[in-house]
Every structure is written in structure tokens, then in C-alpha cells.
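Let me begin by presenting the structure, written as C-alpha cells, before commenting on it.
The values are calculated or read from the model by the stated rules, or taken from the named source; none is laboratory data. What you see is a predicted model; the values in this text were computed from it and never measured. Note: ideal-geometry Cβ built from the backbone for every residue, glycine included; neighbour counts use all protein chains shown.
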Amino acid sequence: MREYIRHPSDIPIKYHIQGLEAAGHTDALKNISAGGLSFRSSVEIKENTPIVINIPVVKPGFRVRGVVVWCHPSDNVYDIGVRFLDKETEFRVRMIEQICYIEHYRKEVLLKEGRRITSEQAALEWIEKFAQDFPTD
């Protein structure tokens, strides 16, 4: 049984391995919760590797340190699980979860209705339609 509810996402993230000077990578966030997140990576990342995650769609930027807790091959890529190191990120993560839902909603509106809306318009619509059902745990 999971300790945290996982929230689905399709938001781009940037990450880099702590201690390496090499440029970071950009991949897609799969889900996020108060305890950690998972994403799909084009490169394998070993367990216990320190990692820094950035979510660029959030203003101001969301940056969190974590450690890789699992790495599973999947369809020529890797599913990576990260546990957050800082327990004080919980409130910030709740905000990111909502932003992920809003950005996902914005993409769905474009796909299903052909309407291009800004993130701000998407937020207003999403709050009106779905905020009351947003999980609190």
C-alpha cells in the first residue's frame, strides 16, 4: 500500500545528476506525490543516485533534491522513481500537483475541443470544474 496518493502528469521536467558537470536531461514527469515522483528517462540512472529535479512550467521554478529509489527498463526507456530528501517540500508539491492537473487540462482542451487557452485560463476553468474533487491526501 502506498504512503502517498500518486497524481498523474505529463509535464516536462529537467533533471541532472548531482555531482556531475554534464548537461541535464529533459524528459516527461509521469506522476508526483508528497513523497516523490517518477519520470521516464532516455538514460538509465542507478539506485541511490542523488538527483536534482526542475519543473520549468512552474513560475517561480520548482526545484527539489531527491534520490533515485528505483529504475526499471520499459519500452526502450527507463521508468525512474525518486524520493524527495526535503520533508518541507510537501506544500510546494501540493501546488505542483494542481499545476500538473491544470496543464493536463489545458492540453486536453486543445486536443478534444481545438481551443487554445492560456495556463491562466485553464487554471480558472479547472478550478471551477474540478478543484472541489482534488484529493487532499
Revision key, fill the gap. When every residue in the stretch 88-104 that is hydrophobic (A, V, I, L, M, F, W, C) and farther than 28 Å from Arg116 by Cβ is compared, the one modelled with the highest pLDDT is Val93
Exercise for review: Might you let me know whether the stretch 65-87 holds any residue that is within 30 Å of Gln121 (Cα to Cα) and modelled with pLDDT of 75 or more?
Suggested key: no
Practice item. Scan the stretch 52-64 for residues that are surrounded by fewer than 19 Cβ atoms within 10 Å (Cβ to Cβ) and at pLDDT 75 or above and report the count. Key: 3
Exercise for review: State yes or no: is Thr49 assigned by TED's automatic domain parsing to the domain that holds Ile11, at pLDDT below 75 and hydroxyl-bearing (Ser, Thr, Tyr)?
Suggested key: no
Exercise for review: Being modelled with pLDDT of 80 or more and either small (Gly, Ala, Ser) or in contact with a helix residue (DSSP H, G or I) (Cβ under 9 Å, 6 or more places away or on another chain) (or both) is the filter here, so list the residues in the stretch 108-122 that pass it.
Suggested key: Val109, Gly114, Arg115, Arg116, Ile117, Thr118, Gln121, Ala122
